[in-house]
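First the structure, in the form of C-alpha cells, and then the observations on it.
Read-outs throughout are calculated quantities, based only on the coordinates presented, and are distinct from any laboratory measurement. Just so we're clear, the structure is a prediction, and the values are computed from it rather than from any experiment. All Cβ positions, even for glycine, are placed from backbone atoms using ideal geometry, and neighbour counts span all protein chains on display.
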Amino acid sequence: MYGDISAKAAHMLSLPKVSDFFARLIQRVSPKSYHQACAEVYVTQKFLENFCGDQVRFLARSFGVPGNHLGQQSHGFRWPYGPVAIITPFNFPLEIPVLQLMGALYMGNKPVLKVDSKVSIVMEQMLRLLHTCGLPVEDVDFINCDGKTMNKLLQEANPRMTLFTGSSRVAEKLAGDLKGRIKLEDAGFDWKILGPDVDQEDYVAWVCDQDAYACSGQKCSAQSLLFMHENWASTSLVSKLKGLAERRKLEDLTIGPVLTFTTESMLDHMKQLLEIPGSKLLFGGKPLEGHSIPSIYGAIKPTAIYVPLEEIVKDKNYELVTKEIFGPFQIITDYKSSQLPTVLDTLEKMHAHLTAAVVSNDPLFLQEVIGRSVNGTTYAGLRARTTGAPQNHWFGPSGDPRGAGIGTPEAIKLVWSCHREVIYDFGPVPNRWEIPPST
Ligand SMILES: NC(=O)c1ccc[n+]([C@@H]2O[C@H](COP(=O)([O-])OP(=O)(O)OC[C@H]3O[C@@H](n4cnc5c(N)ncnc54)[C@H](O)[C@@H]3O)[C@@H](O)[C@H]2O)c1
C-alpha cells in the first residue's frame, strides 16, 4: 500500500503546478530563494520515487540462518516500534517531515508528527496530498503545538521511539526526559578543509559561498568553519568568496531573515570573536538595509571572520569559535602542512559530527583527514561540499549512539525499526531421546 501511495505522491509532486505550489508555500514560511525551495520539493519527490512498488516491502527484508538440528532456524526481522513520535525544525518544512514520516510508516509504525509551528502549514498541505494519494487518515496523527506542550505529550504518551531533528539543547533535554528512547539529528557545526592541492579556484569559491550562505546559512549542514591550507590562503579565494557573497540580495531571498538569532545577537557574537588577537572581519558584519524584517528576527549580510588557528585551539576561545550561529556566518582560518594535526584535534573536540568536506584530490591527504575524523556525512574530493545532500546520500551525525539518519534505506531501517530474532524450533525431537542428567 505504501509503495502505491509513494508512487502517486511522487507523480503529484512532479506536476509543475503542484511543485510550484509547495515551493512558494515553503518560501512563505522559511526564508529561502525559489531555487532552494524547489530543491527541497525535488528531493522529496525523488525520495518518494525511490520507494515505489515493492521497495517498501524490501526495506523489511528478513534473513534466516540454519540452526543446529532439523527444524531449527533463526530469522532476523526488522520490527516496528509501534507508537513513535517525530519532531522536526523550521528550516526544511517539507523535506525533513516527509522523509522521516514516510520512513516511520514504511517500517510499520504509528507516528505522531510535530513540525515547528512557524512552518507547519506546509506539512498540513502535504498530508492532504498524501490522503488524496491513499494514505489512511488514521495512520498519522498530526499535532500543532509549541515545544513545551509536545514535551508534555511525549512524557505522558510515552512513545517507544522519538526522532528529534533540531537544536542540541532541546535534543539533550528530550534524551533525558525520554530516558534515551530517542534518535537525534541535532546541531551541526560543519567544517570544510581545503587541502594543499589548489585547483579550480572559481568552483571551490562558489561551493564555499553556497555552503555557507544559501538559505541564509540556515541549514544544519551549513559551512561554519573553513580551514584553508596556506597554498589556498595565498590565492584570491577569499576575495572571490567575498564577491559571490555580495551578489546575494534580499529581493530574491538569496540572503534573508534569520529566524532564531536577532541581528544584535549575531553582531554581538561577531564583536566577541573580533576581540580574539589576530582575528579580523573579512566581509559582511553589517545589518541588511532597506527592509521591514521584524526585530525579533535577524538580518545581516553574509559574514566571514578570520580567526588564527593558534587562537581557535585555546580553551578560552574554543567554545566561542565553535558556537553554531544558525545564520549567514562563518569562521575562516588557515593552516600550514605542519599544523594539520592541530586542525584534526580541533575537529575531534567538537560535540556534533554532522557534515564535513575535505576539498582535495590528494588521496594521502584525504586518508589522513578521513581516518582521523568521524562526521556522519563527509564529502571528499575537489568537488566536496557540506550542504545539498540529496535523497540518495545518508544524512546524519556519527560518533553518537543516538545518531539518526535520513533518506536512504539504511537510514530508514536504522531509525524506524529494531532488530528482532525469532528462532523457530519445530522439532522433531530425536528418536529415543532421554532426559539427560541435570546441568
Ligand atoms: N541534524 C539535522 O539533520 C538537522 C536538520 C535541520 C536542523 N537541524 C538543527 O536544528 C536547529 C534549528 O532548528 P530549530 O531552531 O527549529 O530547533 P529547535 O530545537 O528550537 O526546534 C526543533 C523542534 O523541536 C520543537 N521543540 C522545542 N522544544 C521542545 C521540547 N522541549 N520538547 C519537544 N519539542 C520541542 C520545536 O517546536 C521544533 O518543532 C539547528 O541547531 C540545526 O543545526 C539539524
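Can you tell me the 0 to 90 degree angle between the C-alpha axis of helix 263-274 and the longest principal axis of the chain, rounded to 10?
70
Show me the trypsin sites (Lys or Arg not before Pro) within segment 213-307 that DSSP assigns to loop and that have at most 15 other Cβ atoms within 10 Å of their Cβ.
Answer by residue number: ARG247, LYS249.
Run through the DSSP bridge list for the chain and note the antiparallel percent, rounded to the nearest 5. Don't skip to the end; give the middle numbers.
On the way: 18 of 58 bridges.
Counting DSSP beta bridges with both partners in the chain, the antiparallel share is about 30 percent.
For the chain, treating each Cα as an identical point scatterer without solvent, what Debye log10 I(q)/I(0) comes out at q = 0.07, 0.10, 0.13, 0.14 1/Å?
Each listed q corresponds, in turn, to -0.39, -0.75, -1.17, -1.32.
Taking the Cα centre as origin and putting +1 on Lys and Arg beta-carbons and -1 on Asp and Glu beta-carbons, what dipole magnitude results for the chain, to the nearest 20 debye?
It comes to approximately 780 debye.
To the nearest 10 degrees, how steep is helix 2-14 against the longest Cα principal axis of the chain, on a 0 to 90 scale?
Once rounded, the angle reads 30 degrees.
Between ALA85 and residues 5 or more places away or on another chain, which pairs have amide H atoms under 5 Å apart, with H built 1.01 Å from N, and which residues are they?
VAL112, MET161, THR162, LEU163
Using the basic label-point model (7 angstrom from Cα toward the beta carbon), what is the VAL374 to TYR297 distance in nanometres?
3.7
Calculate the translational D of segment 190-380 in whole µm² s⁻¹ from Stokes-Einstein, where the hydrodynamic radius comes from the Kirkwood formula applied to all Cα pairs, the temperature is 25 °C and the viscosity 0.890 mPa s.
146
What is the sum of charges around SER216, taking Lys and Arg as +1, Asp and Glu as -1, for the other residues whose C-beta is under 10 Å from the C-beta of SER216?
Local charge sum for SER216: +3.
What does the charge count around PHE21 come to, taking other residues whose C-beta lies under 12 Å from its C-beta (Lys +1, Arg +1, Asp -1, Glu -1)?
Around PHE21, the surrounding residues sum to +3.
To the nearest 20 debye, what is the magnitude of the charge dipole of segment 125-230 about its Cα centre, counting +1 on the Cβ of each Lys and Arg and -1 on the Cβ of each Asp and Glu?
840
Summing +1 for each Lys or Arg and -1 for each Asp or Glu, what net charge is found among the other residues whose Cβ lies under 15 Å from the Cβ of GLY407?
After counting each charged neighbour, the total is -1.
Which order, highest average first, do 354-361, 111-118 follow once you tally other Cβ atoms within 10 Å for each residue and take the mean per peptide?
354-361, 111-118
Please order CYS215, CYS133 by the number of other Cβ within 10 Å, starting at the fewest.
Result, fewest neighbours first: CYS133, CYS215.
How long are the three semi-axes of the equivalent ellipsoid of segment 274-330, in whole Å, if each is the root of 5 times an eigenvalue of the C-alpha gyration tensor, listed from largest down?
Details: eigenvalues 136, 32, 12 Å².
One finds semi-axes of 26, 13, 8 Å for segment 274-330.
How about segment 353-439: which trypsin sites (Lys or Arg not before Pro) there lie in a loop by DSSP and see at most 10 other Cβ atoms within 10 Å?
Within segment 353-439, the qualifying trypsin sites (Lys or Arg not before Pro) (loop, at most 10 other Cβ atoms within 10 Å) are ARG432.
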